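Below is one structure; the comments refer to it alone.
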Amino acid sequence: MNDILHLNSKYDWGIDELVAQLRELRVQSLESRHRRDKPPKLPSRKELNKILDGLGAVLFPNRLGLPDLNDEGIDYFVGHTLESLLRELYKQIRRELQFISGKEGIDKEAHEQAISITREFAARLPHVRTLIDSDIQAAYEGDPAARSPDEVLVCYPGITAVIHHRLAHILYRLGAPLVARVISELAHSATGIDIHPGAQIGESFFIDHGTGVVIGETAVIGRHVRVYQAVTLGAKRFLKDDDGILVKGNARHPIVEDDVVIYAGATILGRITIGRGSTIGGNVWLTHSVPPDSNITQAHARSELFHGGAGI
């Protein structure tokens, strides 16, 4: 017994003092954000992860659903799962809206808006399935290592990231940007591919390998575009207002037109346009627009930079 007491005194972590210090910091933080009393809850990353897994099973029940599903049971599984998922999604959206409003207790406006957003989100799921089918087919046709579209769906991180993005983008446009951002970060954590939910992406989009891909909030990507690992579609500079605060929401990321291929390590910055049918070579640094059917290599980009044609 004495030995146990001795060990307990030896490992005295000062817990009470730490709890008090953390409480003080927590209260100061809440007060600085005017959320001292009953701070509203944020959407749950854990719950949204479950919702995303379930939505994948709803969209692709034969591949991502239960292993013993048969033809007779698929519709029941989809309907039952979707009913449960939408109720949970509604709760997460309501949390975001109530967090923004700052209201305490029952917020009728947030409740009704969350229902409306969830209903509209659900109505767009068939279109999402169509888009994802086009993405899967693009990956299958664009990668000689792919043996089947099914392999692409269950194995390719690019498809996982795009599925998350297709769903997150709808929520972003409907008025739930925080929920959408959490969904995109779930994909980022799982795949290493960072697509902001605000980015607009056309059909048949293929991310090959994918690790390190970054696509910014205001990027616009056309149809049948393919990008490889470590590609960045980013902002060239960040505008500030008269008070020195960053301007939010301005168009600052590239426009990539249809049928463009961007190879590994390319960095494309600013509100520039990559013309239809162009090819951007590996490790190219590009800050100016290029016309349709361009073929930009490192040597070409360096030559334009040295001759003042890069628009920097």
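Springs between alpha-carbon atoms under 10 Å, Gaussian network over the chain: tell me which of Val290, Val213, Val162 tops the mean-square fluctuations.
Between Val290, Val213, Val162, it is Val290 that shows the largest mean-square fluctuation.
Can you list the residues, at least 5 places off or on another chain, whose amide H is less than 5 Å from the amide H of Tyr156, using H built in the peptide plane?
Under 5 Å from the amide H of Tyr156: no residue qualifies.
Taking the chain as a Gaussian network, where each spring joins two C-alpha atoms under 10 Å apart, which residue of Leu167, Leu48, Leu239 fluctuates the most?
Of Leu167, Leu48, Leu239, the Gaussian network model singles out Leu239 as fluctuating most.
For Glu72 and Ser116, what is the calculated FRET efficiency with R₀ set at 30 Å and r taken between the beta-carbons, to the nearest 0.05?
0.30
Lys and Arg at +1, Asp and Glu at -1: add these up for the other residues within a Cβ distance under 13 Å of Val225 and post the number. Provide the component values of the computation, followed by the final result.
Working: positive: Arg223, Arg226, Arg276; negative: Asp135, Glu203, Asp208, Glu257, Asp258, Asp259.
Neighbourhood net charge equals -3.
From the P(r) of the stretch 180-232, could you give the percentage of C-alpha pairs in the tail past 16 Å?
Values: 523 of 1378 pairs.
Across the stretch 180-232, Cα pairs with separations above 16 Å total 38 percent.
Over its Cα atoms, what ratio of radius of gyration to 2.2 N^0.38 Å does the stretch 107-254 give?
Dividing the Cα Rg of the stretch 107-254 by 2.2 N^0.38 Å gives 1.12.
Using the C-alpha gyration tensor of the stretch 34-188, what are the square roots of 5 times its eigenvalues, in whole angstrom, with the largest one first?
Numbers: eigenvalues 203, 60, 31 Å².
Output for the stretch 34-188: semi-axes of 32, 17, 12 Å.
For the chain, list the DSSP H helices whose alpha carbon atoms reach 30 Å or more along the long axis and whose average Kyte-Doolittle value is 1.6 or above? Please list the in-between numbers first.
Numbers: long enough: 71-101 (45 Å, -0.39).
Helices meeting the span and hydropathy rule in the chain: none at all.
So what J values fall out for the stretch 282-294 if you push phi through Karplus, 6.51 cos²θ - 1.76 cosθ + 1.60 with θ = phi - 60°, rounded to Hz, Gly and Pro as x?
Those phi angles translate into x, 6, 6, 10, 10, 10, 9, 5, 10, x, x, 6, 6 Hz.
Given the rule -39500 (n - 2.57) for each run of at least 4 DSSP H residues, summed and divided by the residues of the chain, what is its mean residue ellipticity at 222 nm, to the nearest 500 deg cm²/dmol? Each step should come with its number before you reach the end.
Numbers: 11 runs with 160 residues, N = 312.
Using -39500 (n - 2.57) per qualifying helix, the result is -16500 deg cm²/dmol.
What do you get for Rg/Rh over the stretch 119-177 if you use C-alpha atoms and the Kirkwood form of Rh? Provide the component values of the computation, followed by the final result.
Details: Rg = 12.8 Å, Rh = 12.2 Å.
With Rg and the Kirkwood Rh in hand, the quotient comes to 1.05.
Averaged per residue, what accessible area in Å² does the chain show with a 1.4 Å probe, protein chains only? Don't skip to the end; give the middle numbers.
Details: 17620 Å² over 312 residues.
Result: 56 Å² per residue.
In whole Å, what is the distance between the alpha-carbon centres of the stretch 235-258 and the stretch 72-143?
A separation of 29 Å, based on Cα centres.
Can you compute the modelled spin-label distance between His127 and Ser189, with each label point 7 Å from Cα toward Cβ, in nm?
In this crude label model, His127 to Ser189 measures out at 3.0 nm.
Just to be sure I understand: with springs between alpha-carbon atoms less than 10 Å apart, which residue in Leu131, Leu30, Leu153 has the highest mean-square fluctuation in the Gaussian network model of the chain?
Taking springs between Cα atoms under 10 Å, the residue moving most is Leu30.
With every protein chain left in place, what is the accessible area of His169 in Å² (1.4 Å probe, nearest 10)?
40 Å²
When N counts the residues of the chain, how does its alpha-carbon radius of gyration compare numerically with 2.2 N^0.38 Å, as a ratio?
Working: Rg = 23.8 Å, N = 312, 2.2 N^0.38 = 19.5 Å.
It is 1.22.
Based on the mean of other beta carbon atoms within 10 Å per residue, what is the order of 95-102, 12-19, most packed first?
Details: 95-102: 18.4, 12-19: 8.5.
The peptides rank, most packed first, as 95-102, 12-19.
Please give the per residue volume of the convex hull enclosing the alpha carbon atoms of the stretch 61-148, rounded to a whole number of Å³.
For the stretch 61-148, the hull spanned by Cα atoms encloses 141 Å³ per residue.
Starting from the amide H of Ser278, placed 1.01 Å from N in the peptide plane, find each other amide H under 5 Å away whose residue is 5 or more places distant or on another chain.
Here Val261, Asp293, Ser294 satisfy the definition.
Along its principal axes, what span do the Cα atoms of the stretch 182-295 show, with the longest given first and each in whole Å?
Principal-axis extents of the stretch 182-295 (Cα, largest first): 42, 34, 24 Å.
The values are calculated or read from the model by the stated rules, or taken from the named source; none is laboratory data. The shown structure was predicted, so the numbers you read here are calculated from the model rather than taken from an experiment. Methodologically, a virtual Cβ is constructed for each residue, glycine included, from the backbone with ideal geometry; neighbour enumeration extends over all protein chains shown. We work out accessible area using only protein heavy atoms, side chains counted, and drop any ligands, DNA or RNA first. Shrake-Rupley method; radii C 1.70, N 1.55, O 1.52, S 1.80 Å.
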